[in-house]
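No value in this document is a laboratory result; all are computed from the given coordinates. What you see is a predicted model; the values in this text were computed from it and never measured. Heads up, the Cβs are rebuilt from the backbone with ideal geometry, glycines too, and the neighbour counts pull from every protein chain shown.
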There are 2 protein chains.
Amino acid sequence: MNIRTLCLGALSFKEASGYEIKKEIEDGLFSHFIDASFGSIYPALTQLNVEGLVTLRAEEQTGRPDKKVYAITDAGHDALAKALSVVPARDKYKSEFLFEMLMQHYLSPGHIIVALEKQLADLNIDLSQMNQCKADSSQMRVPGCEFVMGYGEAVLTAGANYIELKLAELKSQGLKAAE
Amino acid sequence: MNIRTLCLGALSFKEASGYEIKKEIEDGLFSHFIDASFGSIYPALTQLNVEGLVTLRAEEQTGRPDKKVYAITDAGHDALAKALSVVPARDKYKSEFLFEMLMQHYLSPGHIIVALEKQLADLNIDLSQMNQCKADSSQMRVPGCEFVMGYGEAVLTAGANYIELKLAELKSQGLKAAE
DNA sequence: TGATGCATGTAATCCGTTACATGATTCA
DNA sequence: TGAATCATGTAACGGATTACATGCATCA
C-alpha cells in the first residue's frame, strides 16, 4: 500500500488538509500501523488532485498560507475500493528492541533493565494514546475503529505484560545477587 | 539499525556465508522483527571485510561458486557493542491488514472474513515457525533467544486470539442473518 | 525570547528491494 | 523436465525520510 491510498483512506472519513492528515496519521488510529511524513503526503495529494481522485478548496487564513482542504471524489472512492480489493501485504514488524534483546550477552544487566523499561514505557504510551482515541468524541466512528483498537490493545497489552513479568524476574534476581 | 550491524549480530553467534545469514534472517529468530535481502547483505559483508570488522575465508566447492565464510573479528565485536549502546529506535509496525480493517465499510462481509482468516493463518505460521526454532537443536542458545521467543509468542498469540474471537462473532451473526 | 503549533512545499539523500546475470545439483 | 536449493554478485529503480526554505501566532 502506498501513501496515495493512505491519503484516500483518511479523506474517506472527512475532508482535510495535508497537515491534518499528517496529524491523523501521527496521533490518530492510523499511527499504530502506518507511517508517513510531509515529504510524501503533500506530493501524493497534489497527484491525487491531478488525477481527479480528490478535489481541492483553498481556505483563506490570516497570517498563514491558505489551508488547502482536500475532499475525496466518486472516482476516489472507486480507486480506494479497488486498492482495498487486492490481497494486502503481510504485516511488517521491525524492532531494534528485540535485536538488542537477542544480543543481550553484549549488554550489562543495568542496560537490559533500562531497555526493557523504555520498551514498556513506549508500549504504555501507545496504549494510552489508543484510549484517548476511544474517548475522543470527535473521532470518526466506523466498525473498523473498534476492531483496530481492540486488536492493538490486545497485542500491546500482551507485550507490556510479558515485559513486566521479565522485569520483575530480573529485579528479584538482582536483589538475590546483592544479598 | 542498519544491515551492517545486523550481519555483525548474526556473525556474533557463528561464522557464516552471506547465503546462510540470509537464511537465518528469513527462517531463524531474526525473521520475526527484521528483513533483509541479498542485495543488501552481500554489499554489507564486503564493506565489513574492507573495514576489518569481519574476516573472510573461501571454502572451495564442486560445481558451485566458492562459499565465502565470514567471521567476526575483535574490532567487529567492539563495533557491535558500540552499535548496541545507542538507544534503539522505536518499534515500527506496518499493517495493511489493519488499514483494510479500518476501511471495512468498503468491504463485503465475505471479504472481511477472508481477510481475517488470512491474517490468522499468517500469525499461526509465525507461531509454528517460532516453535520450530525452539525445537531446533542446532539453534544458538543465548539468554536473548528465550526472551525474543517468549515476547513473540505472547504478542502473536494475543493477536490470533483476538481474531478468532471476532471471527466467531461474525460467523454467528452471519448464521442469524441467514435464518 | 525561545519553543511549539500551524501551514505548505521542494530537493537531496538514503536505504533497501527487485530484477538481472550465471550455473550446478537434487528432488519430485 | 521443471522447480527448488545452493551460491554470489551488480545495477536500476523506488519510495520514503530528512533537511531545507518560509513565516506568523501563541504560550511559557
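Can you give me the relative contact order of chain B as a percent, contacts being Cα pairs under 8 Å and 6 or more apart? Mind showing how you got there, number by number?
Numbers: 144 pairs, mean separation 37.0, N = 179.
Answer for chain B is 21 percent.
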Its Cα gyration tensor gives the stretch A:3-85 an equivalent ellipsoid whose semi-axes in whole Å, largest first, are 20, 16, 10
Cross-link pairs beyond the 31 Å C-alpha cut-off, checked among A:Lys22/B:Lys82; A:Lys14/B:Lys118; A:Lys134/B:Lys92; B:Lys22/B:Lys171; A:Lys166/B:Lys67; A:Lys171/B:Lys94: A:Lys22/B:Lys82; B:Lys22/B:Lys171; A:Lys166/B:Lys67; A:Lys171/B:Lys94
I'd like the FRET efficiency for B:Thr62 and A:Asp78, computed as 1/(1 + (r/R0)^6) with the beta carbon distance as r and R0 of 56 Å, rounded to 0.05. 0.45
Please give the average number of partner chain Cβ atoms lying within 10 Å of the Cβ of each residue in B:152-163, rounded to a whole number. 5
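According to the Cα gyration tensor, what semi-axes, each the square root of 5 times an eigenvalue, does the equivalent ellipsoid of the stretch B:96-178 have, listed from largest to smallest in whole Å? Don't skip to the answer; put the middle values down first.
On the way: eigenvalues 223, 30, 20 Å².
Gyration-tensor ellipsoid for the stretch B:96-178: 33, 12, 10 Å.
Quick one, what does Rg over Rh come out to for chain A if you take C-alpha atoms and the Kirkwood Rh?
Working: Rg = 21.2 Å, Rh = 19.2 Å.
Radius of gyration over Kirkwood radius for chain A works out to 1.10.
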Where in chain A is the longest stretch that carries no trypsin sites (Lys or Arg not before Pro) classed as loop by DSSP and with at most 13 other Cβ atoms within 10 Å? A:15-140
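Can you show me the helix-derived [θ] at 222 nm for the protein assembly as shown, built from DSSP H runs with n ≥ 4 at -39,500 (n - 2.57) apiece and divided by the number of residues, rounded to the nearest 500.
Details: 14 runs with 232 residues, N = 358.
Taking each H run of at least 4 residues, the total per residue is -21500 deg cm²/dmol.
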In Å, descending, principal axis extents of the Cα set of the protein assembly as shown: 62, 51, 44
For the stretch A:3-85, size of Cβ-based charge dipole, Lys and Arg +1, Asp and Glu -1, in debye: 80
Taking chain B as a Gaussian network, where each spring joins two C-alpha atoms under 10 Å apart, which residue of B:Ser12, B:Ser37, B:Ser108 fluctuates the most? B:Ser108
Furthest towards positive pole of dipole, B:Cys145, A:Gln47, B:Val155, structure part the protein assembly as shown, Cβ charges: A:Gln47
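Which value, in debye to the nearest 20, describes the size of the charge dipole of chain A about its Cα centre when Lys and Arg Cβ atoms bear +1, Asp and Glu Cβ atoms bear -1, and nothing else is charged?
Numbers: 18 positive and 24 negative charges, 38 e Å.
It works out to roughly 180 debye.
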Nearest 10 degrees is fine. How inclined is helix B:143-178 to the longest principal axis of chain B, computing both from alpha carbons? 20
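Work out the mean other chain Cβ neighbour count within 10 Å for the residues of B:165-171 and drop it here as an integer.
Details: counts 2, 4, 0, 0, 0, 0, 0.
Average per residue, whole number: 1.
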Against the longest principal axis of chain B, how steep is helix B:38-50, in degrees 0 to 90 to the nearest 10, with axes from Cα atoms? 30
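Mind checking the dipole of the protein assembly as shown: about its Cα centre, +1 per Lys or Arg Cβ, -1 per Asp or Glu Cβ, Debye to the nearest 20? Before the final figure, lay out each step's value.
Values: 36 positive and 48 negative charges, 50 e Å.
Result for the protein assembly as shown is approximately 240 debye, rounded to the nearest 20.
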